[in-house]
1. I'd like the full set of residues that are of a type outside the set (D, E, K, R), in contact with a Ser or Thr (Cβ under 6 Å, 6 or more places away or on another chain) and in contact (Cβ under 8 Å) with a residue 40 or more places away in the chain, limited to the range B:313-333.
2. Quick check on my filter: what residues within the range B:145-196 are farther than 24 Å from residue B:346 by Cα and surrounded by fewer than 21 Cβ atoms within 10 Å (Cβ to Cβ)?
3. For the range B:78-91, name all the residues that are assigned to a loop (DSSP other than H, G, I, E, B) and surrounded by 13 or more Cβ atoms within 10 Å (Cβ to Cβ).
4. Of the residues A:293, A:249, which single one is farther than 30 Å from residue A:36 by Cβ, of a type in the set (D, E, K, R) and at pLDDT below 85?
5. In the range A:315-335, is there at least one residue being touching a strand residue (DSSP E or B) at 6+ places or on another chain (Cβ under 8 Å), crowded, with 16+ Cβ neighbours inside 10 Å and either of a type in the set (A, V, I, L, M, F, W, C) or within 27 Å of residue A:189 (Cα to Cα) (or both)?
6. Count, please, the residues in the range B:345-371 that happen to be at the interface with chain A (Cβ under 9 Å from one of its Cβ atoms) and modelled with pLDDT of 90 or more.
7. Scan (1) under 22 Å from residue A:272 (Cβ atoms); (2) touching a Pro at 6+ places or on another chain (Cβ under 6 Å); (3) surrounded by 19 or more Cβ atoms within 10 Å (Cβ to Cβ); (4) not small (Gly, Ala, Ser) for the single condition residue A:144 breaks and write down its number.
8. What's the number of the only condition in (1) at pLDDT 60 or above; (2) touching a helix residue (DSSP H, G or I) at 6+ places or on another chain (Cβ under 9 Å); (3) under 24 Å from residue A:29 (Cβ atoms) that residue B:258 fails to meet?
Amino acid sequence: MNGSKTQKRLVTLILLLFLIIIWRLFHLQVILGARYYRLSELSRIRKIYTPAPRGRIFARNNIVIADSRPSFALSIIPLETDSQTIKTVANYLDIDYLNIKEWFENNAYLRTPIKIKRNINLETVLKIEENLHTLPGVLLEVEPLRFYPYGPATAHLIGYLSAVTKEELKNDSFYKPWHFVGRAGIEGQYEKYLRGNEGIRYTEIDILGRELGPLKEKREEPPVAGYDIYLSIDAELQNLAYELISKYKKGAVVGIDLSDGSIICLVSHPSFDPNLVSSGISQKDWSNLVNNKFAPLLNRVISCAYPPGSTIKPLIALCGLQSGLINQETRFASCLGAFTYGNRTYKCWTKHYSLNLTDAIVYSCNTYFYQLGLRLGLDRITSYLNLWRVNKKTDIDLINERSGNIPTREWLDSRYGKNCWTTGIIPNLAIGQGEILVTPLQLAVIYSAIANNGEYYTPHLLQSIKKGDKTIFQYQAKKNQIPISADDIKIIKKALQGVVEFGTGTSAQVFGITVAGKTGTAENPPNLDHAWFVGYAPAEQPEVVFCAIVENVGKGGAIAAPIVGKLIEKYFAIKQQLAN
Amino acid sequence: MPNLNLNIKENLPILIVCLILLTIGLITIYNVTNQVYFLRQLIWIIIATLGLVIVYQISMPVLENIAWYLGIVNFVLLLAVLFFGHGAGARRWFSFGWINFQPSEFAKLSVILMLASYFKNKNLEFNFKKLFVPVAIVILFTFLIVLEPDLGTALIFLPILAVMLFWSGLPISKIFILFSPLLSFICGFSLYLWIPFFIALSIIAFRKLTIAGWLIAIIVNIIAGLSSPIIWAHLKEYQKARIISFLSPWLDPKGMSWNLIQSRIAVGAGRIWGKGILSGAQQKLTFLPNRHTDFIFSTLAEQFGLIGSLVVLILYFYLIFQFIKTAVKTHDQFASLVAIGLSTALTYQVIVNIGMVLGLLPITGIALPFLSYGGSSLLFYFIAIGIILHIKTKSE
């Protein structure tokens, strides 16, 4: 049916395609043949991943708080080594031979050096170096190792690194078995920016394992360093906060710059040494950390919620003022050290006799707030706390943040069953005990809203992300507003100023600066109570808020208030210093 | 009573060529894997031979009658494989123990049969009414296989359509105009490529089409050419990366560029005479995951060298040439179109697979006919041989 012309054209086209293939074959097998034969028979190609320096993390004023320093690592190329070599190396490094063996069997990268141990001390390095010629397939390399100059003081803030998990290897093709991944804190939150991109270089080696030089066919892909992360943390304040809190067994401190919600210090205690953890911690040391009864890995600022104690009283007072049920001068039945509701007795810490609202806050009178709480009723209080987002996360840029809790009617019903709880919980709720919970960060954010008349910024650590000098991301503060009447907040702020001037929080006083704040005691039966203090300064034109909690030490005034006082003093000292 | 006479005398050359290719494939598979794969491949060869014998008995009118039913069944299977299929990071085949059934292999056959039955006895003209059905079929099947994703196999339908149109008498210029929107889209990524393409197209279309047709061609091509940079510019970085890795699926994430180097070294190391049967250090030491399937040619080139590779290429060329000759000789238009369609499929797979192994074309998972390990591909090509032999001996 078709002319021979059609056939001829088709066959010519196919012939042409075959000729291209044949030319290529000729090129590879004849022109380059000798070279490829040598590569295949007499030498080998080694594919080496060159580690990318992880991005650095900076505190305010360009102070480095996470860096990389050179360290020695030992790698073995599975295809080029033998059992005897592995045994010898395992012996030098004091690790289990079977571990390495098992590791190799689960590994697909037969021609790529597999990291066996990082951060090897110089003595061991020298010993191995001497015998390197008898250890085929063994490489000693210098690689960047994570280094945190402030150690435990920044451990929860920055987080740490640990070996990639099987799960991550499966889910993210970026990771290779020898990678270390950012965990918790900033390292975890901004892992994708910090990690950078490994380079790859191909080298030709001879039978004895000597490098002959780079492979011509494949250009080297240089490693790309991770982005640098700039935080709002003030390194000096961070250090001081750690120093102050570490006098006690357990606790947390957080400070917020009121002008944009940026976090200036964030400390949780007890802490751990992130340098030790990130350089490949032994399984035993790691389980010790995880199982330690003081939970040193827990970031108490964001992952622990406590009853706020009396620090909630300003909110209950605001709720009362807003509802119109009370005013500044309202008095209830006198405080005689206890209050009876139903068949239960609720205690106050001393006899306050008759107080107005302001003094009830200043002297932290429980009896006053028991009665105010009952007057307001459960629903009014819980919906007001809801307005202050007590049961929401603050959305700080850290993983593992938890929210507080409000014992609403629905919550109590689901917890205890319908009608299985009584209004007897209301007096306790009004003084911040029982099932109401807040994290230290939440409390700091609540007080920053009080300090700024209802306006506050979402707390944030990241200021900018930079690649060298080039800024690739600049954080914009997010403003939020809680509706409060100007008159009501004025009353509360005056009372908070009174707390520090002559009330329960006098130990937070700082010479030359008016501090306002509130003490609190979180009851923690059967153990000792936790001490709270949250305060801002200067009271007239607030700039900064600090919140401190010290676990199991008793009342807040004596223990937590001085910590906040000292931090406020330091904050303004630094500011003064910078101004000069 | 079916005629079981295989006309051995007449068909012997083609059968011998296939046998040689199969033997080379078996040796290579045995060399780089283990006896299990070797035996499985042998079983597949027996099954495929049965398929060949059965297909050889089917007369052309019967084949033509079932073409559209085959097409519908295949369409359903391709849909089903998207939901229930297996594969490395894709859904390409149904799994029954070690037997994998890949519907896309048989899509080639059903599309060729459908197109042949549509084109036969038609005086093809370049208009929408006449070209809508074949273009729609090809787009539909290509799209379904792209979704798996299996770009390498999906693209096979484009040359098949082009060559079958050419064989039906449509001039090359018109075929060029028909494919121009696709070419325009591809060229659109580079202005230097697109401008000469567009000028050539405008001239050809102006000479070959009416003014209205010319205008439509120009507008469609401008839209297609513009849309690629615009779409590209609006994609997020990760989407771009995804497309790049889709176009060359194993290029880097799974270390395929490393395999490409190894493949190239293996081919080169074979030099002129090869390292000999059952040797090949490169292939044994290397961790090349597809050395018995998609990359089998590199193993072969290492063992048998340039001479062996040339022999294989000549054998393929002989087969392709026989297919085309069959298409020319037969007086049955349907049979002729089927033969030319099959020859295009064979050419495409040989060129694309070897081109990939030699680093001339991007890596796409496509099998080398008769040589690669794998049942579906083998069965398809045995059926193709069955059809060709039938046309050659029975429907002159």
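1. B:323, B:327, B:330
2. Within the range B:145-196, B:173, B:174, B:181, B:185, B:186, B:189, B:190, B:191, B:192, B:193, B:195, B:196 meet the criteria.
3. Within the range B:78-91, B:85, B:87, B:90, B:91 meet the criteria.
4. Working: A:249 fails: at pLDDT below 85.
Step by step, each of A:293, A:249 is checked, and only A:293 is farther than 30 Å from residue A:36 by Cβ, of a type in the set (D, E, K, R) and at pLDDT below 85.
5. yes
6. Let us first name the residues in the range B:345-371 that are at the interface with chain A (Cβ under 9 Å from one of its Cβ atoms), namely B:347, B:350-351, B:354-355, B:358-360.
Subset that is modelled with pLDDT of 90 or more: B:347, B:350-351, B:354-355.
Matching residues across the range B:345-371 total 5.
7. (3)
8. So residue B:258 meets the others, but not (2).
The values are calculated or read from the model by the stated rules, or taken from the named source; none is laboratory data. Owing to the predicted nature of the structure, the values given are computational and were not obtained by experimental measurement. Neighbour counts run over all protein chains shown; Cβ positions are idealised from the backbone, glycine included.
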